[in-house]
Amino acid sequence: MTAPAPVREKPDEVVRPPDRDPARRIGAGLIDPRQLWLALPAALRKLNPVTLARNPVMFVTEIGAALTTGLAIAHPSGFGWLITAWLWLTVVFANLAEAVAESRGRAQADTLRGMRRQTVARRLGGWEPGAPAGSYVEESVGAGELRRGDVVVVEAGELVPGDGDVIEGVASIDESAITGESAPVIRESGGDRSAVTGGTRVLSDRIVVRVTQDPGESFLDRMISLVEGADRQKTPNELALNLLLVMMTFVFLVAVLTLQPMAIFSKDFMSAAHDTEALTANGVTGIVLVSLLVCLIPTTIGGLLSAIGIAGMDRLVQRNVLAMSGRAVEAAGDVNTLLLDKTGTITHGNRRASELLTVGSVTDRKLADAALLSSLADETPEGRSIVEYVHERFGMPQVAPKDAEWVPFSAMTRMSGVDLPGGTSRPESGGCRRLRKGAATAVAGWVEDNGGTVPVALDACVEQVSASGGTPLAVAECQGEGPARLLGVIHLKDVVKPGLRERFAELRRMGIRTVMVTGDNPVTAKAIADEAGVDDFLAEATPEDKLALIKKEQAGGHLVAMTGDGTNDAPALAQADVGVAMNTGTSAAKEAGNMVDLDSDPTKIIDIVEIGKQLLITRGALTAFSIANDIAKYFAILPAMFGGVYPAVDAANIMRLHSPTSAILSAVIFNAVIIVALIPLALRGVRYRPSSADSLLTRNLWIYGMGGLLLPFLAIKFIDVAVVQFIPGI
Ligand SMILES: Nc1ncnc2c1ncn2[C@@H]1O[C@H](COP(=O)(O)OP(=O)(O)OP(=O)(O)O)[C@@H](O)[C@H]1O
Ligand SMILES: [K+]
Ligand SMILES: [Mg+2]
């Protein structure tokens, strides 16, 4: 196989990956006013009551704004119009937060849409694995016509027409358009690196792909609606928080309504107001009550809630992770157990044959021959590496005997091999010759089932390979009716990825337990687990075992995250609360999980957990801030309004605002402006440092709760002074 440097015939077709440098995106620091301006039309469209009804707090605010508009028209007054304008601005500002959050994904969606151009697919009719040329027909069809199950061929220089799995061949592929990573990647049939994505380009060789998606459901389609936020559904947590906000809104509504009789029947209140004329029954009471209501209901968090959620998804996209649901992002913030598979996740995953160890009197050539024959049709990377190794070391021919019956590898049997009906190598003994290779326990079981005994020497070979962290594959043979015989062990070498130990330590600080799950034997598992620094491991795990482990953890009240790439990981990925599939993995894995990592970097889960935590913390902090704010506003406005009526209340009027009307106007202005002021924080997220959840919570409650209590007093006083300066007579 050749993997040339990515040479593109048409450089103008290169799709630039979207700008993923977080520092250059808005929200990373101060907000770019231009972004606000550009998002304004979208924010105004969101004033449509039908769409706004999904946000109860803002919906109530809009109704209030409509009411004061009516009152201001019926009884025109400067105060009435000012309040009305600021109430509408409150709604617009909240919409602006959401619109800005959404706009950040739009540029990326446009880039992706550019990739969805129509390509021509070479569909194969009647293709079977290993079919010789001429036994099937090739036709050209539009990529948009491809359906699930179609088989297409793609050669160097061509675009992959749709999502699918490679079922024949190996190729290097340029996936930069979706991943932003310019180095070509290898995609091959049989193993856990078989998935290809429509729109990527094959750089070398030829692959046959089975399409796994119907039109309109492709990865690219999903990615576009994801980054645009079009698919975003409210998460259960958001719904719960919304319900709380609705209840608070209702409570404040009742509270404000009870003020009405007091206000109307209290002549003193009227005369306490600066502009007695304007206040007397000319609709001012209504405007005051609406203003009070809007100040007291949780408009800050109500306005920012959805922006916080969108920003969380967006932060994941910036790190090349696609979350299929907001719920998964939230769950990531609460994860306590993380399962990782070994091969390809903790290790590099290109396990290669590096040594043959014989047992008893078996010769090297005998073992090499058996290893080769049992691997000739093995499409897994391990199988292919054995064929290459034997060919290089022993120069044995790579031809498959006729009428061989191949036994493909499965994660359940943990074996693969071949049945040779002719008994090719020793025809004199007659009968069928059967060869098996696989996990030592599995092959030992097979030998015993076929009347053989397992030599003690096997243990030493397995131990030797396993202790070094390698995967031992035992090889055995059974000739005719005779007893099966164990021939030796193939050493498959794999390398632990660098830097894992530090990252696992980081997870430990976050209170997350890491567990490695592998189909490999316990000794290999332990060697790799020790080297990588995971907290625990599960060896000889079947797909059922992985699933059972997740269910057990979940039953114990834990939220489980799992990363995986193989088809055998799919059930577990689906069961996990956060299932991160590697983009290099199989389609089955990608469909089962609720996140896909385009970089196929299993340690990415750490970023994912951090982003999830940051989302939860940001939402919590801003909720605390918002509610504290509303309470503070209550104490800021009421003394100003009733100070003249009840001397006891007047004593509480520490702020000494200019007049009841200026107090109300200042509070309404503050209430609107605080939403815009907090947009950058909502988008960027509250800083997160690994530490225990409890200390974080207390710290944030203090900072944002106390901040939320104090800020309104200072800000409203300041605005009051300014208002009186610029609007005389208020
Ligand atoms: N091509 C093959 N032929 C025969 N046996 C194999 C083959 N590939 C792997 N095995 C054996 O089957 C075991 C389990 O398979 P596999 O490695 O896919 O498990 P897994 O659960 O995906 O775990 P992980 O990928 O983390 O090691 C391996 O440890 C190895 O002993
Ligand atoms: K409010
Ligand atoms: Mg695997």
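The values are calculated or read from the model by the stated rules, or taken from the named source; none is laboratory data. Just so it is clear, the model here is predicted, and its values are computed rather than measured. Quick reminder, even Gly has a Cβ in these numbers, built from the backbone with ideal geometry, and neighbours come from all protein chains shown.
Just to be sure I understand the filter: pairs with C-beta atoms under 6 Å, separated by 6 or more residues or on different chains, first member in segment 306-320 and over 13 Å from residue 234 (Cβ atoms), second member surrounded by fewer than 24 Cβ atoms within 10 Å (Cβ to Cβ) and acidic (Asp, Glu). Which pairs pass?
319/607; 320/599
Does at least one position in segment 71-81 carry a residue that is touching a Lys or Arg at 6+ places or on another chain (Cβ under 7 Å) and touching a residue at least 12 places away in the same chain (Cβ under 8 Å)?
First, the residues of segment 71-81 that are touching a Lys or Arg at 6+ places or on another chain (Cβ under 7 Å): none.
No, segment 71-81 has no match at all.
Search segment 555-569 for residues being of a type outside the set (Gly, Ala, Ser) and assigned to a helix (DSSP H, G or I), and hand back the single one that is nearest to ligand 2 (Cβ to nearest atom).
569
Restricting attention to segment 342-379, report how many residues are in a strand (DSSP E or B) and either more than 24 Å from residue 464 (Cβ to Cβ) or among the hydroxyl-bearing types (Ser, Thr, Tyr) (or both).
Count: 3.
Within segment 98-137, restricting attention to residues that are touching a Gly at 6+ places or on another chain (Cβ under 9 Å) and assigned to a loop (DSSP other than H, G, I, E, B), which residue is surrounded by the most Cβ atoms within 10 Å (Cβ to Cβ)?
119
What number of residues within segment 122-151 are at pLDDT below 90 and polar (S, T, N, Q)?
Result for segment 122-151: 1.
Which is buried (at least 18 other Cβ atoms within 10 Å of the Cβ), assigned to a helix (DSSP H, G or I) and at pLDDT 85 or above, of 270, 313?
Details: 270 fails: at pLDDT 85 or above.
Result of the check over 270, 313: 313.
Does residue 84 fit the bill of being part of a helix (DSSP H, G or I), in the same structural domain as residue 239 (by TED's automatic domain parsing), surrounded by fewer than 23 Cβ atoms within 10 Å (Cβ to Cβ) and of a type in the set (S, T, N, Q)? Walk me through it before giving the result.
Numbers: part of a helix (DSSP H, G or I): yes; in the same structural domain as residue 239 (by TED's automatic domain parsing): yes; surrounded by fewer than 23 Cβ atoms within 10 Å (Cβ to Cβ): no; of a type in the set (S, T, N, Q): yes.
Considered against the rule, which asks whether it is part of a helix (DSSP H, G or I), in the same structural domain as residue 239 (by TED's automatic domain parsing), surrounded by fewer than 23 Cβ atoms within 10 Å (Cβ to Cβ) and of a type in the set (S, T, N, Q), residue 84 comes out as no.
Within segment 395-403, is even one residue buried (at least 16 other Cβ atoms within 10 Å of the Cβ), more than 16 Å from ligand 2 (Cβ to nearest atom), within 20 Å of residue 353 (Cα to Cα) and at pLDDT 90 or above?
No, segment 395-403 contains no residue that is buried (at least 16 other Cβ atoms within 10 Å of the Cβ), more than 16 Å from ligand 2 (Cβ to nearest atom), within 20 Å of residue 353 (Cα to Cα) and at pLDDT 90 or above.
For residues that are surrounded by fewer than 24 Cβ atoms within 10 Å (Cβ to Cβ) and of a type in the set (A, V, I, L, M, F, W, C), tally how many sit in segment 577-608.
4
Starting from residues that are assigned to a helix (DSSP H, G or I) and closer than 19 Å to residue 413 by Cβ, keep the ones in segment 526-554 and report whichever is farthest from ligand 3 (Cβ to nearest atom).
Top of the filtered list is 548.
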